[in-house]
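Asker: After the structure tokens below, expect a handful of questions from me.
Please treat every number below as a calculation from the coordinates, not as lab data. Model, not experiment: these values are computed from the prediction. Note that each Cβ is placed from the backbone with ideal geometry, even for glycine, and that neighbours are counted across all protein chains shown.
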Amino acid sequence: MPCHKYYPLPELAAKIAAEKKLAKTIVLANGGFDLIHIGHIRYLQQAKAMGDILVVALNSDRSLKDLKGEARALIDEQGRVLIISALACVDYVTLFDENRVDRVLLAITPDFHCKGSDYSLESIPEREIVRSYGGAMAIVGGEKVRSTSVLIKKIKEIYG
């Protein structure tokens, strides 16, 4: 996948280890980012504000299908990698196949694991993993104003 911000997880882990040696604060945000909207942009910009390096872990096509249903992904993983990589606030991108981002967290042990406002600190699924290595969690992005599922429903209503 030709993209200067994308790295498979083993290569990303090495890149992040080098960034940590430079005393950089590492932040992880994750999601499907299947149809980019203002909520995604706010989430990623505020996650970036938490540190020096923002890593975005994207659900693979298979994982997005498992989580959201057979009709998803609307944009394939290669396209989503290119779109997310085009954002100035994003430093690195990787893909993960699982339904949760546990493996990415353990590989790069970010200082902050950021989730959107549809979560609370107590409801973050990966909270025990983040605590296990001494990381912190943050809820960013402000009030949830959009969701891809709502946008899809609206498009169907308008265009059938």
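Asker: Testing the spin-label approximation: label points 7 Å from Cα along Cα→Cβ at residue 154 and residue 133. State their distance in nm.
Answerer: Those two pseudo-labels are separated by 3.7 nm.
Asker: Give me the net charge of residue 61's neighbourhood, meaning all other residues with Cβ under 15 Å from the Cβ of residue 61; Lys, Arg count +1, Asp, Glu -1.
Answerer: -2
Asker: Using the Karplus curve 6.51 cos²θ - 1.76 cosθ + 1.60 with θ = phi - 60°, what ³J(HN,Hα) values do you get for each residue of the range 122-128, in whole Hz, with x for Gly and Pro?
Answerer: 6, 9, 5, x, 8, 4, 5
Asker: Considering only the other residues whose Cβ falls under 14 Å of the Cβ of residue 50, what net charge follows from Lys and Arg at +1 and Asp and Glu at -1?
Answerer: Within the 14 Å Cβ shell, the charges total +1.
Asker: If you count, for each residue, the other Cβ atoms within 10 Å and average over each peptide, how do 151-158, 135-142 line up from highest to lowest? The partial results should precede the final answer.
Answerer: Details: 151-158: 11.2, 135-142: 17.8.
Going by the mean number of other Cβ atoms within 10 Å, highest first, we get 135-142, 151-158.
Asker: Using alpha carbons only, how many degrees (0 to 90, rounded to 10) separate the axis of helix 38-48 from the longest principal axis of the chain?
Answerer: Its long axis makes an angle of about 0 degrees.
Asker: Multiply the residue gap between residue 82 and residue 120 by 0.36 nm, knock off their C-alpha separation, and tell me the result in nm, one decimal place.
Answerer: On the way: separation 38, 0.36 × 38 = 13.68 nm, distance 2.93 nm.
Working it through step by step, the gained length comes to 10.7 nm.
Asker: How fast does the range 69-155 diffuse by Stokes-Einstein, in µm²/s, taking the Kirkwood radius from C-alpha pairs at 20 °C and 1.002 mPa s?
Answerer: Details: Rh = 15.0 Å.
For the chosen part, D equals 143 µm²/s.
Asker: Could you pull out the chymotrypsin sites (Phe, Trp or Tyr not before Pro) across the range 113-160 that fall in loop regions by DSSP (anything but H, G, I, E, B) with no more than 14 other Cβ atoms inside 10 Å?
Answerer: Passing both the DSSP loop test and the Cβ count: 133.
Asker: Need the list of lysines near residue 156 for cross-linking: C-alpha distance under 29 angstrom, and skip anything on the same chain fewer than eight residues off.
Answerer: 65, 68, 115, 144
Asker: Need the full-extension length gain, residue 67 to residue 11, defined as separation in residues times 0.36 nm minus the C-alpha distance. One decimal, nm.
Answerer: Residue separation times 0.36 nm, minus the Cα-Cα distance, leaves 17.6 nm.
Asker: Here is a further query. For residue 102 and residue 45, what does the FRET efficiency come to when R0 = 25 Å and r is the distance between their Cβ atoms, rounded to the nearest 0.05?
Answerer: That pair, residue 102 with residue 45, gives E of 0.50.
Asker: Counting only residues 5 or more places away or on other chains, whose amide H sits under 5 Å from the amide H of residue 137 once H atoms are built in the peptide plane?
Answerer: When sequence neighbours closer than 5 places are left aside, the close amide H contacts are 113.
Asker: Mind listing the phi-derived Karplus ³J(HN,Hα) values for the range 67-74, rounded to whole Hz, using 6.51, -1.76 and 1.60 with θ = phi - 60°, and x for any glycine or proline?
Answerer: Working through the residues one at a time gives 7, 10, x, 4, 6, 10, 8, 6 Hz.
Asker: Sticking with this one: With +1 on each Lys and Arg Cβ and -1 on each Asp and Glu Cβ, how big is the dipole of the range 9-159 about its Cα centre, in debye rounded to the nearest 20? Kindly include the intermediate steps, with their values, before the conclusion.
Answerer: Numbers: 21 positive and 20 negative charges, 60 e Å.
Result for the range 9-159 is approximately 280 debye, rounded to the nearest 20.
Asker: If you bin every alpha carbon distance in the chain into 10 Å steps from zero, what whole percent lands in each bin?
Answerer: Spelled out bin by bin, the chain gives 11, 41, 37, 9, 2, 0 percent.
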